[in-house]
Amino acid sequence: MRAMILAAGRGERMRPLTDRIPKPLLQAGGKPLIVWHIERLVRAGITDLVINHAHLGAQIEQALGDGNRFGATIRYSDEGTALETAGGIAYALPLLGDEPFAVVNGDIYCDYDFTHLPARVAALVNSGDMAHLVLVDNPEHNLKGDFLLHDDRVISSALSPQHSALTFSGIGLYQPALFAHIARGTKAPLAPLLREQIALGKVSGEYHDGMWVDVGTPQRLEELDKLLRATQNIRHV
C-alpha cells in the first residue's frame with residue numbers, strides 16, 4: 001500500500017520559524033517531524049511514499065531525497081500553491097494509484113502503530129466504505145472534538161449530542177474515488193468530503209489512546225521537543 005504525507009501547508013501559526021523552514025522539517029526530539037512519520041511507516045512495511053509540498057518545497061526534497069536512506073521510495077507532488085488537504089490529495093492521485101491509500105498530516109506527532117493499516121485497508125475494500133479515520137482524545141485547542149465513534153463507525157456529533165466527540169488525528173485511509181470529482185489543481189478542504197461520507201454511513205474509525213500532538217504553535221513544538229528528549233534520555237539510562 002502507499003501512503004501520502006501532507007507537507008504543503010504554510011504554517012502561519014508557526015511563524016517566524018516557518019518563514020525560512022517548512023513546517024514538516026521543524027525538529028523535535030532531534031529529528032524533523034516528517035522523518036518520525038517516514039521511519040514509522042517504513043518500520044510498518046509501508047515504503048512507497050508520496051509527499052506534497054508548496055511553501056519552501058525544494059527544502060523538503062533536498063532534505064529527504066528519494067527516500068533511499070530511510071528504506072523508502074519517495075515521490076513528490078509539487079503543488080506550487082497549497083491546494084488544501086483534499087485538493088492536494090486529488091492533485092497527487094496519479095502518484096497514489098487505484099487502491100486505497102493512507103494519508104498522514106506532516107505537522108503532527110503520533111505514536112500510532114502503522115502496522116494496523118494494511119488490515120484496515122482490506123476491511124475498507126470489503127465494506128465499500130470511502131474512508132477510515134483514526135481519532136484521538138480532544139486537545140485543549142479542540143475541546144469540542146470533531147466526530148463521534150460508535151461501534152467502529154464514525155458518526156456526526158450532531159446525531160448524538162449527548163455523547164462527547166473525539167478529534168480527527170490527521171491519519172486516515174481513503175478510497176481514490178473520494179477525490180475523483182475534484183478538478184486537479186483546485187483548492188478543496190477535506191472536512192466537507194468527510195462529513196458527506198459520514199452522513200452516508202461510509203466511514204469507519206478507530207480510537208488511538210497513545211501519544212498525539214498537533215504541532216501547531218512554537219510552544220507546542222518546544223513542549224514536544226522536551227518530552228521526546230526526556231523520553232530518549234530515560235531509554236539511554
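The values are calculated or read from the model by the stated rules, or taken from the named source; none is laboratory data. None of the values given here were measured: they were computed from a predicted structure. Glycine gets a Cβ as well: all are built from the backbone with ideal geometry, and neighbour counts include every protein chain shown.
Any residue in the range 16-36 that is without any contact (Cβ under 8 Å) to a residue 60 or more places away in the chain and over 14 Å from I108 (Cβ atoms) sitting within a Cβ distance under 8 Å of a residue that is of a type in the set (K, R) and assigned to a helix (DSSP H, G or I)? List the pairs, counting only those 6 or more apart or interchain.
Pairs found: none.
Tally up the residues in the range 1-20 that are surrounded by 18 or more Cβ atoms within 10 Å (Cβ to Cβ) and more than 15 Å from R75 (Cα to Cα), please.
The qualifying residues number 4.
For P24, work out the one condition from (1) in contact with a Leu (Cβ under 6 Å, 6 or more places away or on another chain); (2) of a type outside the set (K, R); (3) surrounded by fewer than 24 Cβ atoms within 10 Å (Cβ to Cβ) it doesn't fulfil.
With (1) in contact with a Leu (Cβ under 6 Å, 6 or more places away or on another chain); (2) of a type outside the set (K, R); (3) surrounded by fewer than 24 Cβ atoms within 10 Å (Cβ to Cβ) applied to P24, the lone miss is (3).
Testing T186 on (1) under 19 Å from the mean Cα position of the chain (by Cα); (2) within 30 Å of T81 (Cα to Cα); (3) not hydrophobic (A, V, I, L, M, F, W, C), one condition comes back false. Which one is that?
(1)
For every residue, the table says whether it meets (1) closer than 28 Å to L193 by Cα; (2) modelled with pLDDT under 95.
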| site | (1), (2) |
| --- | --- |
| M1 | yes, yes |
| G9 | yes, yes |
| P16 | no, yes |
| P22 | yes, yes |
| D48 | yes, no |
| G71 | no, no |
| T81 | yes, yes |
| A86 | yes, no |
| A102 | yes, no |
